[in-house]
Amino acid sequence: MRILVTGGAGFIGSHLIDRLMEQGHEVICLDNFYTGAKRNILHWIDNPRFELIRHDVVDPIKVEVEQIYHLACPASPVHYQANPIKTLKTNFMGTMNMLGVAKRVGARLLLASTSEVYGDPEVHPQPEEYRGNTSCTGIRACYDEGKRISETLAFDYHRQNQVEIRVARIFNTHGPRMLENDGRVVSNFVVQALKGIPLTIYGDGSQTRSFCYVSDLVNGLMCLMNGDHIGPINLGNPGEYKILELASTIQEMVNPGAELVFKPLPQDDPRRRKPDISKAKDLLGWEPKVPLREGLSQTIANFRDRLNQPVASHQ
Ligand code: NAD
Ligand code: UDP
């Protein structure tokens, strides 16, 4: 198959491309390199089945493909809040443009949505039926409301134009190739522990998250794309950890001497998050396999390698 991956030079997108290339597909990676890096897909550049397009999804494009994994969007609060209007444009105009491509060429589009559509959830764990508790005026809105409108666009293109869609609600994911300055909690703690600087805990660290290893997540995305169910379907690891527990685990695994410091909790930071993955299990036969510590050891090893090797630019 010929498959387009938007955001393919990013963290999840590049791992997905590895799997698609290994399966023998033709893959087009489209990325504007805002948070993506050429080095993530460099190993495929000379392969005749691989193509790279530097393009911003906010602008229309014509491509002929059978499937589209639409991942283009910064995922870390630091990066999506740096230019919130751009994040909104990426989510609305970018998703509309990609649904337009899907409509024109009859491709199936998988939207990478997020657990953030549940906001600061009042229902725990979160099933897909839960409608969420977001703030449309807060500092996270460009991302969480942006993703909510992308889901709406996908479902309306499906109902009105019969576009084949799949909607994945991805929960916190980690693994090799996260940016050193990504700003998300796993990469921050690992980089801080490796550099011997204090691990920054926002708030009192009692807020919870669930961390999925990237290979599990990529399997889930591919099961959803190639299965019969439109979604939305939660994809994540249901193991739930306090941020303080995560800090202690990483401290113990990397640098028992590292200190912990407490910083203010960012505005609208969700108190707790854990996916109900019953649908993914029943409808896709998918569940994550990699335990937290096993995944963390891979993430840590990858950061250790990169921090020891000076890189001139992240591109
Ligand atoms: P990432 O920031 O590593 O990757 C995003 C990629 O999209 C980057 O390569 C970036 O350069 C590209 N991009 C951003 N804006 C673009 C634009 N306007 N045009 C073209 N390319 C653009 O993030 P990630 O963690 O790999 O996330 C991938 C997708 O999964 C995102 O849509 C994100 O919302 C979703 N997601 C990720 C997580 C997670 O924990 N990683 C959780 C929930 C949802
Ligand atoms: N967090 C933290 N220290 C950091 C980065 C994040 O304590 O250096 C907290 C953050 O406040 C949130 C949780 O870790 O409660 C997860 O944050 P992240 O940005 O990784 O993802 P999200 O909030 O989008 O789930």
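Where a number appears in this text, it was derived from the coordinates with a stated rule and is not lab data. Please read these numbers as outputs of a predicted model, since none were measured by experiment. Note that each Cβ is placed from the backbone with ideal geometry, even for glycine, and that neighbours are counted across all protein chains shown.
Contact order normalised by length for segment 148-252, with contacts defined as Cα pairs under 8 Å and 6 or more residues apart; what percent is it?
It rounds to 36 percent for segment 148-252.
Take the Cα of residue 298, step 7 Å along the line toward its Cβ, and report every residue of segment 237-251 whose backbone nitrogen sits under 17 Å from that point.
So the set is 237-239.
Write down Rg/Rh for the chain, rounded to two decimals, with Rg from the C-alpha atoms and Rh from the Kirkwood relation over Cα pairs.
0.94
In debye, nearest 20, what is the charge dipole magnitude of segment 124-220 about its Cα centre with +1 on Lys and Arg Cβ and -1 on Asp and Glu Cβ, if you could check?
Rounded to the nearest 20 debye, it is 120 debye.
Roughly what angle does helix 185-195 make with the longest principal axis of the chain, taking Cα atoms, 0 to 90 degrees, to the nearest 10?
50 degrees
Between residue 83 and residue 287, 0.36 nm times their residue separation minus their Cα-Cα distance comes to what?
Gain on stretching residue 83 to residue 287: 70.0 nm.
In degrees, nearest 10, range 0 to 90: what is the angle between the Cα axis of helix 141-161 and the longest Cα principal axis of the chain?
The two axes meet at around 20 degrees.
Quick one: which residues, 5+ away or cross-chain, put their amide H under 5 Å from the amide H of residue 166? H built at 1.01 Å from N.
109, 110, 111
To the nearest 10 degrees, how steeply does helix 214-226 sit against the main Cα axis of the chain, on a 0 to 90 scale?
It is inclined by approximately 20 degrees.
Would you please classify the overall shape of segment 169-225 from the alpha carbon gyration tensor, given that a ≥ b ≥ c denote the square roots of the eigenvalues, rounded means a/c under 1.5, and beyond that prolate means a/b larger than b/c while oblate covers the rest?
Taking the square roots of the gyration eigenvalues as a ≥ b ≥ c, segment 169-225 is oblate.
If you put +1 on each Lys and Arg Cβ and -1 on each Asp and Glu Cβ, how big is the dipole of segment 56-126 around its Cα centre, in Debye rounded to 20?
300 debye
Might you report the magnitude of the Cβ-based charge dipole of the chain about its Cα centre, with Lys and Arg at +1 and Asp and Glu at -1, to the nearest 20 debye?
The calculation lands at about 320 debye.
Mean shadow of segment 125-275, computed from the convex hull of its alpha carbons, in nm²?
It is 10.0 nm².
Which whole-number percentage describes the relative contact order of the chain, with Cα contacts under 8 Å and a sequence gap of 6 or more?
For the chain, the relative contact order is 18 percent.
Suppose the chain between residue 23 and residue 200 were pulled fully straight at 0.36 nm per residue; how much longer would it get relative to their current alpha carbon spacing?
Difference between extended and current length: 59.7 nm.
Cross-link candidates for residue 274: which lysines have Cα within less than 26 Å, leaving aside residues fewer than 8 places away along the same chain?
147, 242, 263, 289
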